[in-house]
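Structure, as structure tokens:
The values are calculated or read from the model by the stated rules, or taken from the named source; none is laboratory data. Because the structure is a prediction, the values reported are computed rather than measured. All Cβ positions, even for glycine, are placed from backbone atoms using ideal geometry, and neighbour counts span all protein chains on display. For accessibility, only protein heavy atoms count, side chains too; no ligands or nucleic acids. Shrake-Rupley method; radii C 1.70, N 1.55, O 1.52, S 1.80 Å.
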Amino acid sequence: MPLTRRSLLAACASLSLAPPVSAAARSARLGELAARSGRYFGVAVTHSDVSDQARHIRLFDGECSVWVPAWQMKWGALVQALGDDPDYRACDAIVASAARRGKRLRGHTLIWHEHLPAGAERLSTAADWRRFVAPHIAEVAGRYRDAIFEWDVVNEAIEPYDGGADFMRRTPFYAMLGPDYVAEAFHLAAEAAPSARLYLNDDHLYYAEDWQERRRTGTLRLLERLIKAGVPIHGFGMQCHLDTRFRFDERIFRRFLQRLEDFGLTVAVTELDVTEAPSAHGRSMSERRRLAAAEVQKVLSVALDSSALAGVVTWGLSDDDSWLRRRAADMTDNQGLPYDDAYRPAPMRDALASLFASTRTRHST
Ligand code: XIL
């Protein structure tokens with residue numbers, strides 16, 4: 001078999017080698033490289049990341065064509081306690097900074113069971129939905145209808161281990177409307193923001209582990225129901241919080257991506273980063289960064305083969321900012337983003353650059 005660039009990249013990934021990256025790809029911005037293949041590259045930001053005074057505003061501005069508020073658009077970030085007026089100042093600051101710098105914005109997220117306003121965990125009736133949830137979706141999606149090109153309408157709806165036959169996560173939203181809450185949320189978002197592309201977003205769908213297979217099953221069943229019912233859904237967001245502890249089987253992931261493509265959905269990698277295995281701590285820093293890059297290489301080289309893949313977003317740009325570091329005591333120096341603590345490019349940046357530079361051009365649908 002002739003050695004193509006793609007087979008070379010795949011071979012590097014399987015051997016956990018640093019991917020080859022050309023000087024041209026290294027010097028180009030990730031947003032530009034992604035755009036050349038018909039895709040976007042984006043990053044999750046906070047309002048302080050993108051203020052004019054931010055230490056790394058040039059990095060956020062330079063590398064990305066898309067920004068996603070990591071926190072500020074969530075219900076509990078806007079509304080402290082149920083019934084309070086929403087505080088849009090931080091969101092508005094991100095929207096204004098994005099407009100000044102010509103960034104497109106993904107919205108994250110209208111419905112999520114975490115970080116709710118105080119008191120929302122007790123909501124349980126259809127009347128509660130009409131009084132609190134429906135107005136929240138309509139108001140936020142409507143306020144930013146001209147600013148947001150893609151919304152994660154519902155985040156993390158699947159949890160097979162919550163015990164339901166439908167594999168859906170039991171949340172207050174589920175308590176209020178049953179499984180129909182997802183469709184309702186999409187209809188409300190479509191009405192309020194008619195030109196936005198609307199996504200279902202979820203995680204733990206890439207590895208060969210049985211528990212991830214159950215999540216793939218639940219996700220595909222839910223998507224099938226939504227599409228058959230004519231719900232206005234355009235895309236599926238794969239968070240891609242990768243984890244070096246799990247087993248990857250390219251064929252399984254490819255099959256899942258194909259099913260999404262067959263549904264006619266656009267796909268995006270929406271929250272890319274890498275959790276290192278605890279065993280990483282015995283290794284040198286450069287080895288750890290190389291392994292994190294190889295993990296991205298392995299999974300994304302398959303994802304980027306799909307013509308449905310519209311873009312890639314990393315959940316932060318530099319490790320000092322990573323939410324993963326606040327997750328557990330042994331993760332406080334996790335190496336899982338494209339830039340290190342001192343804003344120097346890490347091997348993961350090279351991996352993304354060479355992936356974008358070598359991928360087939362996508363023709364958007
Ligand atoms: C995280 C943010 O990065 C943190 O700042 C916040 O404290 C918790 O949420 N999956 C998601 C994201 O969909 O919204 C989460 O973001 C990370 C996991």
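Things worth noting here:
- Computed from the Cα positions only, the extents of segment 242-288 along the three principal axes stand at 44, 21, 15 Å, in decreasing order.
- Sorting the Cα pairs of segment 83-201 by distance into bins of 5 Å, from 0 upward, gives 2, 11, 20, 23, 20, 13, 7, 3, 1, 0 percent per bin.
- Relative protection proxy for 293-305, 108-120, 91-103, from highest mean packing down: 293-305, 108-120, 91-103 (other beta-carbon atoms within 10 angstrom).
- The equivalent ellipsoid that matches the C-alpha gyration tensor of the chain spans semi-axes of 32, 23, 20 angstrom, in descending order.
- Principal semi-axes of the equivalent ellipsoid, √(5λ) from the alpha carbon gyration tensor of segment 49-119, are 26, 12, 10 Å from largest down.
- In terms of accessible area, using a 1.4 Å probe and ignoring ligands and nucleic acids, THR125, THR361 rank largest first as THR361, THR125.
- DSSP bridge orientation in the chain - percent antiparallel, rounded to nearest 5: 5 percent
- When a 1.4 Å probe is rolled over the protein heavy atoms, the share of accessible surface on the chain that falls to carbon and sulfur comes to 51 percent.
- Per residue, the accessible area of the chain comes to 41 Å² when a 1.4 Å probe rolls over the protein heavy atoms.
- Listed residues PHE173, PHE236, PHE263, most fluctuating in the chain (Gaussian network, C-alpha, under 10 Å): PHE263
- Phi angles of segment 123-130 translate, via the Karplus equation with coefficients 6.51, -1.76, 1.60 and θ = phi - 60°, into HN-Hα couplings of 5, 8, 10, 4, 5, 4, 4, 5 Hz per residue; Gly and Pro are given as x.
- When MET285, MET238 are compared by accessible area of protein heavy atoms, the largest-first order is MET285, MET238, using a 1.4 Å probe.
- Segment 206-365: C-alpha pair distances exceeding 28 Å, %: 24 percent
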